[in-house]
Amino acid sequence: MAKKRGNLPLEFPDLGVSDKGYSILIKGLPGTGKTSLALELTSHLPNAFFISTRISPDVIINDSPWITDEFPKNRKKPFFVDATGTSSTSSSHYVNLSFETMPEFVQQLFAIGNDFENKVMIIDSWNALISNLTKSQSNHWESAIVQHFRSENSTIIFVMEGDHESTLDWIVDGIVVLSKKSVVSPNGIPRRIRELSFHKMRGIEISNEAYLATLNQGRMKTFDPFKYRFPAIILKSKTIPDSDDDHISSGSLSFDELLGGGFQKGSWNLFEISTTIGDALDIIYYPLLTNHLNNRRPAIMIFREGVTIDSKRQFLDVFTGSEKWIEQTINFERYVPEDTTNRYELPETVEELINLIESSRSKLRSKFGGPFLISLGLDVIENKYGIPSLNKLIAIIVSKARIEGDIVVGWLKEQQNFRGGTTAANSHWKIDLIDRALVLEGVIPATEYYAIESILVKGYIDYLLIPVI
């Protein structure tokens, strides 16, 4: 199986380097990104030719200027072929094909790149060439072209408008379908989803049939299924300063930008967690907590159900240094195995918990000042004290935070009954999976989906938020 090539999935074969020919059909309705995908493939293949039958290559290059930067350095120009019949002069970027009949086109197609081994031909689009042919004629030429490239150990890629099944589906080795759809979230917010799916890929194991995709910045990019993992070598997190006096950094420059500078001081911020993501929440939780502590600020944490400081300790010890999370935090858990200076077992009543939080706040504020990060596992609070008590705790904690300029963050599981704090939140986010890719969506403020792409090469947890557009 091929390694991931640039922005594209593992399932794409090693085009142009294998010892046998291959044929692929890329299809989808208008606007689904077929040309963008074809260009993405072209940009990574030093022996590829992009044959445009509908749009002048000059227009394509103007609309996708990144292609010149991504152009394979070991390849001489041109790699665009203008088969539109509208250009009268050649360009340094492309060559022209001049033909009036399909036999003439096919003859010239077979002659392109004869000095290349395992060449890759991408025809965008095939519809424009067969529009005047009968079905029988189309079938004849499709079969002839595929057989020719197989015999040459080269690759042919057809790009077709529409999602209907044709005879070509049965002839080619692989079928890639692009689609887009609008969905309405349970909160009534319309959002867009793009998808790249593999209907077949002969000789290739398809590990993920569908991928979430985006055309952000005019490029086709797919997102791999999310895997919960940490860097191979764990290093101390880089400290991100606040953007201004009114905000506190989320620990991610990407999320700070989406938040308008970070979490607003004195704000109540809610994260709703899909039941499918499990510990994937840590990709947002760790940067927030470690950056806050590395900025020499205090934090009070009530851990989510099933989470303890012991399960996070080995990473916090490195990301922040053990002395920071011990000195700068007070942690509340279901059960505490032994008495420690910064760990408390949740008391019997919510009133006792509120008093403990306030006394802890005073103790830490006298030493570290503020602002505080107050992280609340809403599931464990609801399960232990009930919804009325949870509503009471949220009201008191948030009102005090607004006065003091602290940040309150709540982690809510989607199946919880608690909904009292959702309308009062300054920001409300939902974390979910689409095609097994981790995504973030804004409920307050309403946003598009953002794919959460983890970055592990730095030695600590970091991520990018990439809009699904």
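The values are calculated or read from the model by the stated rules, or taken from the named source; none is laboratory data. Here the structure is a predicted model, which means the values were calculated and not measured. Glycine gets a Cβ as well: all are built from the backbone with ideal geometry, and neighbour counts include every protein chain shown.
Table for the structure above
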read-out: Which numbered condition Asn187 fails, given (1) under 24 Å from Leu456 (Cβ atoms); (2) part of a loop (DSSP other than H, G, I, E, B); (3) of a type outside the set (Phe, Trp, Tyr); (4) not assigned by TED's automatic domain parsing to the domain that holds Leu316; value: (1)
read-out: Residues located in the stretch 395-421, provided they are in contact with a Leu (Cβ under 6 Å, 6 or more places away or on another chain) and β-branched (Val, Ile, Thr); value: Ile407
read-out: Output for the stretch 43-55, where each listed residue is surrounded by fewer than 22 Cβ atoms within 10 Å (Cβ to Cβ) and in contact with a helix residue (DSSP H, G or I) (Cβ under 9 Å, 6 or more places away or on another chain); value: Phe49, Thr53, Arg54, Ile55
read-out: Any hit, the stretch 253-261, residues being more than 28 Å from Arg436 (Cβ to Cβ), in the same structural domain as Arg313 (by TED's automatic domain parsing) and not aliphatic (A, V, I, L, M); value: yes
read-out: Complete set of residues in the stretch 419-443 that are under 30 Å from Arg365 (Cα atoms) and surrounded by 15 or more Cβ atoms within 10 Å (Cβ to Cβ); value: Gly421, Thr422, Ala425, Asn426, Ser427, His428, Trp429
read-out: Some residue of the stretch 271-291 being among the small types (Gly, Ala, Ser), closer than 27 Å to Lys367 by Cα and out of contact with any His (no Cβ under 8 Å at 6 or more places or on another chain); value: no
read-out: Total residues in the stretch 34-69, condition charged (D, E, K, R) and closer than 20 Å to Gly113 by Cα; value: 1
read-out: Meets criteria (touching a residue at least 24 places away in the same chain (Cβ under 8 Å) and at positive phi) for Arg296; value: yes
read-out: Ile407 vs. criteria within 26 Å of the chain's Cα centre (by Cα), closer than 30 Å to Ser254 by Cβ and at pLDDT 95 or above; value: no
read-out: Scope the stretch 34-56; condition free of Cβ contacts under 8 Å to residues at least 40 places away in the same chain and touching a Phe, Trp or Tyr at 6+ places or on another chain (Cβ under 7 Å); matching residues; value: Ser43
read-out: Yes/no for Ser23 being of a type in the set (Ser, Thr, Tyr), under 21 Å from Phe110 (Cβ atoms) and in contact (Cβ under 8 Å) with a residue 24 or more places away in the chain; value: yes
read-out: Residue in the stretch 365-379 that is acidic (Asp, Glu) and outside any helix (DSSP H, G or I) present; value: no
